[in-house]
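Enquirer: Mind looking over this structure? Questions follow.
The values are calculated or read from the model by the stated rules, or taken from the named source; none is laboratory data. Fair warning: this is a prediction, and the values are worked out from it, not measured in the lab. Cβ coordinates were reconstructed from backbone atoms using ideal geometry, including for glycine residues, and neighbour counts include every protein chain displayed. Note: accessible area is taken over every heavy atom of the protein model, side chains too, but ligands, DNA and RNA are not part of it. Shrake-Rupley method; radii C 1.70, N 1.55, O 1.52, S 1.80 Å.
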Amino acid sequence: MEAKAQIRDFIINELVQDARHANLGDNDPLIESGIMDSLGMMKLIGFLEDNLSIEINDDELIPENFSSIETIGNLVAEKQAG
Amino acid sequence: MPNFFSDNPDLRNQFKRLDLSDVIAMLEDDFQQVNDFPEAPTDYDSAISLYDSALTLTGDISGNFIAPRAAAVDAQGASYKDGEVIMAAETSENLQQLAAAGLMGIILPRKYGGSNFPATIYMMMIEMVSRADASLMTLFGYQDVGETIAKLAQDSLAKTVLPTYARGELSGAMVLSEPNAGSDLQAVQLKAWQDIGGQWRLRGSKHFISNGGGDLLLVLARSEESTNDMFGLSLFLCRKSEQVKVNRIENKLGLNGSPTCEIYFDDAPADLIGKRRFGLIYVLSTLNQARFSVAAQALGIAEAAYQEALKYARKREQFGKKIFTMAPVADMLIDMRVALESGRTFLYHATQLLDLRNRLEERIRNLKAAGLPYQGEKAKFDLAAKRIDMLSPMVKYRITEAANKICYDALQIHGGMGYMRDLPVERYYRDVRITTIYEGTTQVQVLAAAKSVFADIMADFFAAQAATDWPEELQHLANHLQSQRQFFLQARDLLNSEITPAERDAGSRPLVDMYAGLYLGYLLLAEACLNPEKIPVATRFILAEQASAQAGLALIKNRKFQDLDNIDNIFKQ
Ligand SMILES: Cc1cc2nc3c(=O)[nH]c(=O)nc-3n(C[C@H](O)[C@H](O)[C@H](O)COP(=O)(O)OP(=O)(O)OC[C@H]3O[C@@H](n4cnc5c(N)ncnc54)[C@H](O)[C@@H]3O)c2cc1C
């Protein structure tokens, strides 16, 4: 499965856990909507490290990189390419 | 005086039932640690017997040394003079005693002078120490700070500070809360900045810090200018110095022996721990254990209160008979005991999973580093981690609330005497009150657990339990649990339907209760199968939970929480 699809699955199954957000789109805001709170962020970082072997550096832990499924996917793609 | 381990059959029974084989094997590097550390256990049985001795020693110190001093600690309390925090003399003696027994580095790795024990054993120790003197737990319990340093700090820094820490010569504190950042730690404002030499410095205030006058302070601070969210926070290790000023200590309801400090950091030098911006993430990752510690503290206080109530009820006569023979009093006593024993089952079940989760995390890291496959470990890790995410807030919430009720009833059983300073029960009642507040309030725990509850993460477990053949004499309890499961599913669907977020949030509490009742109900049923002595506990617990699940469903069905859509109107005057 491509990385973005895995990220989407993880966010929907592990973070959203709420029927009301079941149709979350790739560009929907994660932080403002409260889907990605600090605990969610901790879990996502663990997921990226464990499942995609991506280690997030300190300068990458900024809201712009985690604001939607799309931006997280882009960050991962960039790191996998680089 | 009693030994708080050997005089407590239920705690001993929980210890005997532990299944830590995988955890200990990983913790002891498949029993290879003994090559470097002669004191390390050589197999599972020798590890268990090592823990047994350490628990017996803790029970002895708790029952015979700490408990007799607790009233004096409470009366004298910690004090403050000329910028210095002064512990009650008895508190210092207690700490010396624990340090001399080698109990201040229980969970630290051996390479840092620790004992390398599982967290479960440490929690059992916390329970006993808190039964003796709840205020001492905030000092005994700062071993978590050392563990965080061991995990995150550079090895050289850890090697400098931790061995002294493990000997109890240095003390620590977790420095998170600020006046405007309590439950919401994203709002932390204390500033961290780098001087021209690159040295990090901390400037600003923190409040409500237990042992804030300690030597090693783990501080959450804002390292990224012009941010106001979690992405700007980092974690620092700051040592006691002239530039860390305790401004005052709080005058509070209970835990008098534990100084709760307001601290001012006056450009105090500090070391960055781990990565920049990851501060809150690190803090959250320490929270699971910290919450279980508070649950263990609450259980310890509740055990002390229960013992006092039982003693009093056996002695006190009214209307020509002992009050413990009167059904309403006996009913309270039995409820207390059921809450205590079921609480222990829940807590130590959860801490074993926490140990498993933590050890698997470490093993996976090592396997990855060595380029070896780790998929088997990963599947087990995911399962344990998912459950712990739910159990840590759920267990903390349920046990601390139950412990408050136990202390309330213990005081009630004493009648007017309970209200007097002469007997210890009023102290337990005051001391236990904090446990539903710090390390995350009840309301915050409920919302944290609710996520997993709405997602029904235990569905497979419940289905497997429902399909189990229970012994005939327990089948009626299994039937009750099955109907409870139906109540839960109905309530969850109602809360998931078209209702407002306010109504859903408020309905989360009965829903989380239903789930906890169901989960723990099955744990107790399994225990009762193996140990007939547990049948009465399982029975009373399941019957009571069944009734409250029914009531919870009714509240949600009848839309009790509907008026919350009108909060502004209700409180308009
Ligand atoms: C004796 C003592 C020792 C302490 N020791 C330490 C320490 O060592 N280190 C440290 O950093 N801190 C410590 N604290 C602080 C403690 O962790 C906080 O008091 C606690 O987290 C609650 O924060 P608060 O007091 O700001 O309450 P608030 O967050 O203001 O909460 C007030 C009320 O609002 C509710 N509430 C808040 N947010 C929500 C929400 N999202 N949903 C529903 N309800 C909500 C709460 O449940 C509570 O009922 C200590 C506190 C005390 C009293």
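Enquirer: Regarding region B:29-49, can at least one residue be identified that is out of contact with any Ser or Thr (no Cβ under 7 Å at 6 or more places or on another chain), closer than 30 Å to residue B:210 by Cα and surrounded by 20 or more Cβ atoms within 10 Å (Cβ to Cβ)?
Expert: No; the residues of region B:29-49 include none that is out of contact with any Ser or Thr (no Cβ under 7 Å at 6 or more places or on another chain), closer than 30 Å to residue B:210 by Cα and surrounded by 20 or more Cβ atoms within 10 Å (Cβ to Cβ).
Enquirer: Continuing with the same structure: Name the single residue, out of those in region B:420-434 being closer than 19 Å to residue B:67 by Cβ and within 16 Å of the ligand (Cβ to nearest atom), that is nearest to the other protein chains (Cβ to nearest Cβ).
Expert: So, considering only residues that are closer than 19 Å to residue B:67 by Cβ and within 16 Å of the ligand (Cβ to nearest atom), the one nearest to the other protein chains (Cβ to nearest Cβ) is B:432.
Enquirer: (1) at pLDDT 95 or above; (2) more than 15 Å from the ligand (Cβ to nearest atom): which one isn't true of residue B:397, the others all being true?
Expert: Against the list (1) at pLDDT 95 or above; (2) more than 15 Å from the ligand (Cβ to nearest atom), residue B:397 comes up short only on (2).
Enquirer: Tally time: how many residues in region B:50-77 are closer than 30 Å to residue B:422 by Cβ and open to solvent by 20 Å² or more (accessible area, probe 1.4 Å)?
Expert: 11
Enquirer: Okay, moving on. Given the residues B:284, B:253, B:220, which is the only one that is open to solvent by 10 Å² or more (accessible area, probe 1.4 Å), closer than 30 Å to residue B:348 by Cα and not assigned by TED's automatic domain parsing to the domain that holds residue B:444?
Expert: The conditions single out B:253.
Enquirer: Hey, among the residues in region A:21-36 that are under 16 Å from residue A:71 (Cα atoms) and open to solvent by less than 60 Å² (accessible area, probe 1.4 Å), which one's nearest to the other protein chains (Cβ to nearest Cβ)?
Expert: So, considering only residues that are under 16 Å from residue A:71 (Cα atoms) and open to solvent by less than 60 Å² (accessible area, probe 1.4 Å), the one nearest to the other protein chains (Cβ to nearest Cβ) is A:31.
Enquirer: Oh, and also: Can you pull out the residues in region A:43-67 that are closer than 18 Å to residue A:30 by Cα, open to solvent by 30 Å² or more (accessible area, probe 1.4 Å) and in a loop (DSSP other than H, G, I, E, B)?
Expert: Selection gives A:62, A:67.
Enquirer: Within region B:246-269, which residues are within 16 Å of the ligand (Cβ to nearest atom) and over 26 Å from the mean Cα position of the chain (by Cα)?
Expert: B:246, B:247, B:248, B:264, B:265, listed by residue number.
Enquirer: Scanning for something buried (at least 24 other Cβ atoms within 10 Å of the Cβ), under 27 Å from residue B:449 (Cα atoms), small (Gly, Ala, Ser) and within 14 Å of chain A (Cβ to nearest Cβ), does region B:374-392 turn up at least one residue?
Expert: Yes: one or more hits.
Enquirer: Among helices (runs of 4 or more DSSP H) lying entirely in region B:119-187, which contain 2 or more residues that are more than 13 Å from the ligand (Cβ to nearest atom) and closer than 20 Å to residue B:277 by Cα?
Expert: Those helices (runs of 4 or more DSSP H) span B:143-152.
Enquirer: With respect to residue B:366, determine if the residue is among the polar types (S, T, N, Q), within 24 Å of residue B:127 (Cα to Cα) and assigned to a helix (DSSP H, G or I).
Expert: No.
Enquirer: Just to be sure, is residue B:226 within 14 Å of chain A (Cβ to nearest Cβ), small (Gly, Ala, Ser) and assigned to a loop (DSSP other than H, G, I, E, B)?
Expert: Yes; evaluated as a whole, the condition is true for this residue.
Enquirer: Can we say residue B:234 is more than 15 Å from the ligand (Cβ to nearest atom), within 14 Å of another protein chain (Cβ to nearest Cβ) and either without any contact (Cβ under 8 Å) to a residue 40 or more places away in the chain or open to solvent by less than 10 Å² (accessible area, probe 1.4 Å) (or both)?
Expert: yes
Enquirer: Same structure, new question: Answer yes if at least one residue in region A:4-12 is facing another protein chain (nearest Cβ under 10 Å), within 13 Å of the chain's Cα centre (by Cα), surrounded by 15 or more Cβ atoms within 10 Å (Cβ to Cβ) and among the polar types (S, T, N, Q), and no otherwise.
Expert: no
Enquirer: Now for a different question. Restricted to region A:37-59, and to residues that are within 9 Å of another protein chain (Cβ to nearest Cβ) and farther than 17 Å from residue A:15 by Cα, which residue is modelled with the lowest pLDDT?
Expert: Looking at the filtered set, the residue picked out is A:53.
Enquirer: Specify the residue that is farthest from the ligand (Cβ to nearest atom); the eligible residues are those in region B:188-198 that are over 17 Å from residue B:240 (Cβ atoms) and away from every other protein chain (no Cβ under 14 Å).
Expert: Out of the qualifying residues, it is B:196.
Enquirer: Would you please name the residue that is nearest to residue B:70 (Cα to Cα), looking only at residues in region B:143-170 that are of a type in the set (Ser, Thr, Tyr) and open to solvent by 20 Å² or more (accessible area, probe 1.4 Å)?
Expert: Top of the filtered list is B:164.
Enquirer: Could I ask something else about it? Under 8 Å by Cβ, and 6 or more places apart or on different chains, what pairs join a residue from region B:366-383 that is of a type in the set (A, V, I, L, M) with one that is outside any loop (DSSP other than H, G, I, E, B)?
Expert: B:367/B:377
Enquirer: Please enumerate the residues belonging to region B:440-480 that are within 16 Å of the ligand (Cβ to nearest atom), within 14 Å of another protein chain (Cβ to nearest Cβ) and open to solvent by 20 Å² or more (accessible area, probe 1.4 Å).
Expert: B:440, B:444, B:447, B:448, B:451
Enquirer: Say whether the condition of being assigned to a helix (DSSP H, G or I), away from chain A (no Cβ under 14 Å) and closer than 18 Å to residue B:527 by Cβ is met by at least one residue in region B:329-336.
Expert: Yes - at least one qualifying residue is present in region B:329-336.
Enquirer: Separate question: Taking only region B:188-208 into account, find how many residues are under 30 Å from the mean Cα position of the chain (by Cα) and assigned to a loop (DSSP other than H, G, I, E, B).
Expert: Residues meeting the conditions: 3.
Enquirer: Which ones in region B:147-164 are in contact (Cβ under 8 Å) with a residue 60 or more places away in the chain and under 16 Å from residue B:118 (Cα atoms)?
Expert: Residues satisfying the conditions are B:147, B:148.
Enquirer: Could I ask something else about it? If you scan region B:214-223, which residues turn out to be in contact with a Gly (Cβ under 6 Å, 6 or more places away or on another chain), within 12 Å of the ligand (Cβ to nearest atom) and assigned to a strand (DSSP E or B)?
Expert: Hit for region B:214-223 is B:220, nothing else.
Enquirer: Here's something else I'd like to know. Could you grab me the full set of residues in region B:500-536 that are open to solvent by less than 40 Å² (accessible area, probe 1.4 Å), closer than 17 Å to residue B:18 by Cα and aliphatic (A, V, I, L, M)?
Expert: B:520, B:523, B:524, B:525, B:528
Enquirer: So residue A:70 clears everything in (1) open to solvent by less than 40 Å² (accessible area, probe 1.4 Å); (2) at pLDDT 90 or above except one condition, right? Which one?
Expert: (1)
Enquirer: May I ask you to verify whether residue B:50 is assigned to a helix (DSSP H, G or I), out of contact with any helix residue (DSSP H, G or I) (no Cβ under 7 Å at 6 or more places or on another chain), of a type outside the set (S, T, N, Q) and not assigned by TED's automatic domain parsing to the domain that holds residue B:422?
Expert: Here the answer is yes, as residue B:50 does meet what is asked.
Enquirer: Taking residue B:211 as the residue in question, decide whether it is within 16 Å of the ligand (Cβ to nearest atom) and over 22 Å from the mean Cα position of the chain (by Cα).
Expert: Against the criterion (within 16 Å of the ligand (Cβ to nearest atom) and over 22 Å from the mean Cα position of the chain (by Cα)), residue B:211 does not qualify.
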